Amino acid sequence: MALTGKQKAALLLTSLDVATAAELLRGVDPRMVQDLAVELSYLDASGFRNAKQTAEVARQFCQSLENESGFQFKNFLREVLRNTVGEDKAEQVQQEIQDLLQKRDPFMTIRSADQQKLATVLETEHPQAVAVVLSELPPKKGSEVLGRLGDGMRVSAISRMTAIGSVTPEAKASIARMVRKRIEGLGSTQQIGSAVQAPPEESLRKVAIIVRNLDKEVRDGVLEAIEQKDSDAKEKVMNLMVIWDDLPQVGDRSLQQALRGIDERQLALALHESPEEIANKIKSNISERAAAMVNEEASLMSAPKKEDVREARERIVNALRELNRNGELTFLEE
């Protein structure tokens, strides 16, 4: 994510103590203070602080949030506002910030809800609403919540997730409001999460990751239900469970098993113009002699056809998919 100037300025404030930050903001137009607070709140709540592309100032901010000594973001923001615009105005600004954040991302607080509370709420909702909420959760949490639902709801919801792209933003916002109110009835939640508005193909990929993280028996039941409604969707989901970009997260033993029988030329083709992370992952899971032969094959290649590169990669991915079908594919903990 490319940070805006306001976001960089907002992140920089978090490296300061409250008194210094307040002093810097003293005399600044209250509307500008609110803008900075909104951007900082959004970066914190949307989870962008964990993105690899975030600037160094953002990484330092992340470290301060995770420090055991306890950087309390809400306290920091409240004190900065209080020392800058006064007690009464601070409360008003914080409420406006909350409203603006909710408009920007209706599912923000839902993503931070306790898994059991969220499952309890979703269990009695319409499967389409459940599908929408699951599609907005981070994949790992989506899998965990899905696993807490009853078999009937689980199958109905995941089946509808394959066509989630047809749901309008207005309908999603309405579902978010309804679910938020029910969650609030069970207890308060914190604001933290990962803001995502994914196009249909990305939504289907998220479905695949959620299904991939389920226990094999549950996963097979979900896939069977998807197949009954749409065999093409089942095939797409199965293929999207494992793609080339997943290789860095594949467990070493699984990758070693998948690479057996693939010769050095095919590996060299697959690694042509591949990200360094993937190249290192593969080379670290073959022998030194094989890695040297892959490098030699690569040095002899001038401009391989894109189709040949794609087919070589597909051979590796297909081997991983076969392991996944058999419940033998493992992924590193993210």
Which listed residue, of Val196, Val179, is at pLDDT below 80 and within 30 Å of Lys103 (Cβ to Cβ): Val196
Single residue of Ile226, Ile316 found to be surrounded by 14 or more Cβ atoms within 10 Å (Cβ to Cβ), among the aliphatic types (A, V, I, L, M) and within 28 Å of Glu144 (Cα to Cα): Ile226
Selected residue [of a type in the set (Asp, Glu), open to solvent by 60 Å² or more (accessible area, probe 1.4 Å), more than 25 Å from the chain's Cα centre (by Cα) and at negative phi] from Glu277, Glu296, Glu264, Glu235: Glu296
Residue identified as open to solvent by 80 Å² or more (accessible area, probe 1.4 Å), touching a residue at least 12 places away in the same chain (Cβ under 8 Å) and among the basic types (Lys, Arg) among Arg325, Arg289, Arg310: Arg325
Val145 modelled with pLDDT of 70 or more and either surrounded by 18 or more Cβ atoms within 10 Å (Cβ to Cβ) or closer than 21 Å to Ala37 by Cα (or both): yes
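The values are calculated or read from the model by the stated rules, or taken from the named source; none is laboratory data. Computed from a predicted model, the values in this text were never measured in an experiment. Positions of Cβ are backbone-derived with ideal geometry, glycine not excepted, and every protein chain shown enters the neighbour counts. Areas reflect the complete protein model, heavy atoms only, side chains present, ligands, DNA and RNA absent. Shrake-Rupley method; radii C 1.70, N 1.55, O 1.52, S 1.80 Å.
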